[in-house]
Amino acid sequence: MGVVHKGFKRRARLLREALRPPRQLPGSEQGGSGLTEGQKARRPPKRTQTVDYNVPAVPRLVRSPVFVIAPIRSGSTLLRMLLNSHSRIRAPHELHLRTIEVALTPGFSETSMQELELDKVELEHVLWDRILHLELLRSGKDIIVDKTPGNVFIWERLRYVWPEAKFLFMLRHPEGVVSSLQKRKNNTATRESLEATALKYFKPLEQARTAIGGLSVRYEELTAKPEAVTREICAYLGVEWEPGMLEYGRHDQGRFAPNLGDRSDTIKSGRIQAARTFDDVTLPPKLAKYAAAWGYQ
C-alpha cells in the first residue's frame, strides 16, 4: 500500500507542475531589462582593476583600437559622435568591456582551457577583441573607438591586451564635471559626495596620462574650436579629416539608451554647443590639483 500511495502522490505532483502557469524567464519582462520590480542593476565598483596575467596573450583580431580615457560627464559622448561621423571610424555607444566576464567551471572548462594555455582572464580578452572586431565588420569601417568612462579603471589592462592601442584623454574643468553631476535628473547626492565620485575618475585618468602616450583633448576647446581639435585627433589616428564630422546630427549615431552615454537634449540637438566656463570658481584643493594639471589654472 505504501508504494501505491507514493505513486499517487507522485502523479498528483506531476499534474500540478503540468498545470502551473509558465514561469517568466529573466529578461522577458517589459523592456527586457531582466530586473523584477524593486531590483536595481548592480553597478561595478569605481576602482582600478588589478589582474594577474598567467598565460601568453593570443593574437588579436583588432591590433590598434582607440580608447577614450575620460571621467563621467566630461563630454565624451560628443567626442564619440564626432568621431563616429567619420567614414573610417566606428565609435559605438559605451561598450563597458570591464564588466564583460567569462565564467569557467572548476574541473571541467577550467581544466580544458588550461590545456589550451587559456585562462579566465585571457578568454575575456579574446571576447573583448572579438566584440570590437565584430563591430568593425558590421560597420564596414577600419578604426574602432570605445569611450566608456569605466575605461579609466582598466587602462593598464587595455594597454596589456592591445599593446598597439591608441589613447585619447578627454579632459573637462573639474567644476564642469561636478556641476554636471549635480544637474542630473533625480540627483539627490550631496556636493561632497559628487566631488568624491569625480575624484575616483580623476586619479586614474591622470595616472594614465602620465604613464602612456596619447592625445589629450579638452572639452572646452573641442566645443570652441571643433575643426582644429578634430583635425588634431584625425592626425593622431592617421586618417584624413572630414568636414562632415562636425555635423554629427546628420549621421546615424544609434539609439540613446540608458547607461550607454549622454542622453541630454544638448547632445540630441545634433549641434556642437559651447561649454560652460568656470574661470572665477574657487575649487577645493583636491579638485584644484587636477585643474592645474590639466591647464585650467
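For the listed peptides 88-97, 271-280, a ranking on the average number of other beta carbons within 10 Å per residue, highest first, reads 88-97, 271-280. Using every pair of separate Cα atoms, the Kirkwood estimate puts the hydrodynamic radius of region 195-240 at 12.3 angstrom. Take the chain with all the other protein chains still there, run a 1.4 Å probe, and you get 59 Å² of accessible area per residue.
Using 0.36 nm per residue and subtracting the Cα-Cα separation, the extra length available between THR266 and PHE108 on full extension is 51.8 nm.
Its alpha carbons give region 197-280 an Rg and a Dmax of 15.1, 38 Å.
Dipole magnitude for region 248-297: about 160 debye, using +1 per Lys or Arg Cβ and -1 per Asp or Glu Cβ, origin at the Cα centre. When the label point is put 7 Å from the Cα of GLU192 along its Cα-to-beta-carbon vector, which residues of region 274-297 have a backbone N closer than 18 Å? From region 274-297, the list is 283-288. Once the Cα-Cα distance is subtracted from the 0.36 nm per residue extended length, the GLU247 to ALA288 segment shows a gain of 11.3 nm. Under a Cβ-Cβ cut-off of 13 Å, what is the net charge of the residues other than SER193 that fall near it, where Lys and Arg count +1 and Asp and Glu count -1? Value of the local net charge: +2. Given a Förster radius of 22 Å and the C-beta distance between GLU115 and TYR53 as r, what FRET efficiency does 1/(1 + (r/R0)^6) yield to the nearest 0.05? So, using R0 = 22 Å, E works out to roughly 0.75.
Counting lysine pairs in region 188-297 that sit 8 or more residues apart in sequence, or on different chains, and whose Cα atoms lie under 28 Å apart gives 8.
Taking every DSSP helix (H) stretch of at least 4 residues in the chain, weighting each as -39,500 (n - 2.57) and dividing the sum by the residue count yields a mean residue ellipticity at 222 nm of -12500 deg cm²/dmol. Expressed as a whole percent, the accessible area of region 121-224 that falls on carbon and sulfur atoms is 48 (1.4 Å probe).
Seen from a random direction on average, the alpha-carbon convex hull of region 67-165 projects onto 7.1 square nanometres. D by Stokes-Einstein for the chain, Kirkwood Rh over Cα pairs, 37 °C, 0.692 mPa s: 150 µm²/s.
Grab the other residues whose beta carbon is less than 15 angstrom from that of ALA211, score K and R as +1, D and E as -1, and report the net. Summing Lys and Arg as +1 and Asp and Glu as -1 gives +3.
Within the shell of other residues whose beta carbon sits under 12 angstrom from the beta carbon of TYR248, the net charge comes to +1, with Lys and Arg scored +1 and Asp and Glu -1. Restricting the calculation to Cα atoms, region 66-125 yields a radius of gyration followed by a Dmax of 17.4, 48 Å.
The values are calculated or read from the model by the stated rules, or taken from the named source; none is laboratory data. Quick caveat: nothing in here was measured; it's all calculated off a predicted structure. For neighbour counting, all protein chains shown are included, and Cβ atoms are generated from backbone atoms with ideal geometry for every residue, glycine included. We work out accessible area using only protein heavy atoms, side chains counted, and drop any ligands, DNA or RNA first. Shrake-Rupley method; radii C 1.70, N 1.55, O 1.52, S 1.80 Å.
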